[in-house]
Amino acid sequence: DEQSLQQSLSTFSGHIRNISEALRGTTQGALVLLDEVGAGTDPGEGAALARALLLSFQSQGAKVMASTHYGELKLLAANAPGFMNSSMEFDLKSLRPTYRLLVGVPGSSHAMRIAERQGMPKEIIEEALQGFSDEHMDVSRMIERLESAQKQAQRAQSEADRLAGRLRQVEQEAEEAVARAEATRRQVRERAGEELAALLREIRLEAGDIFDQ
């Protein structure tokens with residue numbers, strides 16, 4: 001926690017002071033790591049400030065990796081050029097992380113489901129859901145659809161990889177079968193040639209005996 005009683009810094013003040021120093025020292029190609037950018041204050045103001053900070057770092061040519069729970073920033077990454085969402089996969093059935101990185105997909109906090117799993121009364125969950133704004137609900141639904149689409153794409157890719165592997169195996173088996181057939185044909189031709197040569201020798205010998213008589 002970046003707060004300091006000695007320096008009269010709240011968590012947000014300490015957070016922003018560090019980011020301000022990073023802004024002043026940013027150069028082309030700099031790497032900037034931001035953990036929960038804009039956190040520690042009013043969510044609406046924090047999200048707006050975080051959005052402006054990310055755009056500023058981008059305009060200065062920095063490479064930025066920022067973690068966030070703000071839906072507004074997830075929308076920014078989904079719509080603005082030069083940004084990309086990514087998240088750590090979360091199994092909704094077990095409500096446990098899988099520790100797999102999903103590139104191109106924003107993560108969802110799943111706060112309500114986790115709270116319910118941890119024993120939060122259902123009526124409180126329902127009351128909380130009613131307090132969601134339409135915009136927040138739209139963002140949550142968008143994230144869940146993207147997560148679902150990403151999982152479907154991964155399953156399709158896995159199946160495609162499996163089929164491609166099977167195709168390569170079949171092609172290899174076919175090539176080996178053709179090679180064996182060709183080898184067999186060569187052996188048959190060689191054996192036939194040898195038998196023909198032996199037969200011709202016998203004929204010559206017989207013919208020679210006949211003429212000698």
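The values are calculated or read from the model by the stated rules, or taken from the named source; none is laboratory data. Predicted, not measured: the structure shown is a model, and the values here were computed from it. All Cβ positions, glycine included, derive from the backbone under ideal geometry; neighbour counts span all protein chains shown. What goes into the accessible areas is simple: the full protein's heavy atoms, side chains included, and nothing from ligands, DNA or RNA. Shrake-Rupley method; radii C 1.70, N 1.55, O 1.52, S 1.80 Å.
Note on the range 59-85: among residues that are open to solvent by 70 Å² or more (accessible area, probe 1.4 Å) and of a type outside the set (A, V, I, L, M, F, W, C), the one that is nearest to Leu146 (Cα to Cα) is Asn79. Kindly establish whether Ala77 is under 23 Å from Thr27 (Cα atoms) and at pLDDT below 90. Yes; evaluated as a whole, the condition is true for this residue. Please work out if Ser20 is hydroxyl-bearing (Ser, Thr, Tyr), more than 30 Å from Gln154 (Cα to Cα) and surrounded by 14 or more Cβ atoms within 10 Å (Cβ to Cβ). When the stated conditions are applied, Ser20 does not pass them. So which of Arg166, Arg145, Arg185 ends up being among the charged types (D, E, K, R) and under 30 Å from Leu75 (Cβ atoms)? Testing whether each residue is among the charged types (D, E, K, R) and under 30 Å from Leu75 (Cβ atoms) leaves just Arg145. The single condition among (1) at positive phi; (2) free of Cβ contacts under 8 Å to residues at least 24 places away in the same chain that Ala128 does not meet is (1). Here Arg51 fulfils each of the conditions (1) among the basic types (Lys, Arg); (2) at pLDDT 90 or above; (3) touching a strand residue (DSSP E or B) at 6+ places or on another chain (Cβ under 9 Å) apart from (3). Of all residues in the range 113-152, those satisfying the criterion of being at pLDDT 80 or above and hydrophobic (A, V, I, L, M, F, W, C) are Ile114, Ala115, Met120, Ile124, Ile125, Ala128. Would you confirm whether any residue within the range 101-118 is assigned to a helix (DSSP H, G or I) and touching a strand residue (DSSP E or B) at 6+ places or on another chain (Cβ under 7 Å)? Looking through the range 101-118, none of the residues is assigned to a helix (DSSP H, G or I) and touching a strand residue (DSSP E or B) at 6+ places or on another chain (Cβ under 7 Å).
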